[in-house]
Amino acid sequence: MALLLAGSTSAESQAQAKADARDDAKCKSYGYQPGTLNYSDCQDKLTEMRDQSDRSALAGRLLGRSPF
């Protein structure tokens, strides 16, 4: 069981690292530089949007709806 949980955590860590890299690239593409308030705000907004999307998808699955 512990091995199964460790694998899940690793997969979640990898997914988070990929999302962080995409967010970093997107914020930089907008011209924001790491360490600035605008960059931090951009990162926060992208995280908020992803979290909202995840919550909506979960709610849809719980209600038996496809997210597409």
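So the values come out like this:
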{"read-out": "Residues located in the stretch 47-68, provided they are charged (D, E, K, R), under 15 Å from the mean Cα position of the chain (by Cα) and open to solvent by 80 Å² or more (accessible area, probe 1.4 Å)", "value": "Glu48, Asp54, Arg55"}
{"read-out": "In the stretch 22-46, the residues that are small (Gly, Ala, Ser), part of a helix (DSSP H, G or I) and open to solvent by 60 Å² or more (accessible area, probe 1.4 Å)", "value": "Ser29"}
{"read-out": "For Ser8: the one exception among (1) open to solvent by 100 Å² or more (accessible area, probe 1.4 Å); (2) at pLDDT below 95", "value": "(1)"}
{"read-out": "Cβ-Cβ under 8 Å pairs, at least 6 apart or on other chains, the stretch 47-59 side assigned to a helix (DSSP H, G or I), far side open to solvent by less than 90 Å² (accessible area, probe 1.4 Å) and modelled with pLDDT of 90 or more", "value": "Thr47/Asp23; Arg50/Ala19"}
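The values are calculated or read from the model by the stated rules, or taken from the named source; none is laboratory data. A quick note: this is a predicted structure, and the numbers were derived from the prediction, not measured. Backbone-built Cβ (ideal geometry, glycine too); neighbour counts: all protein chains shown. Ligands, DNA and RNA are stripped out before the accessible areas are found, and what is left, the full protein with its side chains, is counted by its heavy atoms. Shrake-Rupley method; radii C 1.70, N 1.55, O 1.52, S 1.80 Å.
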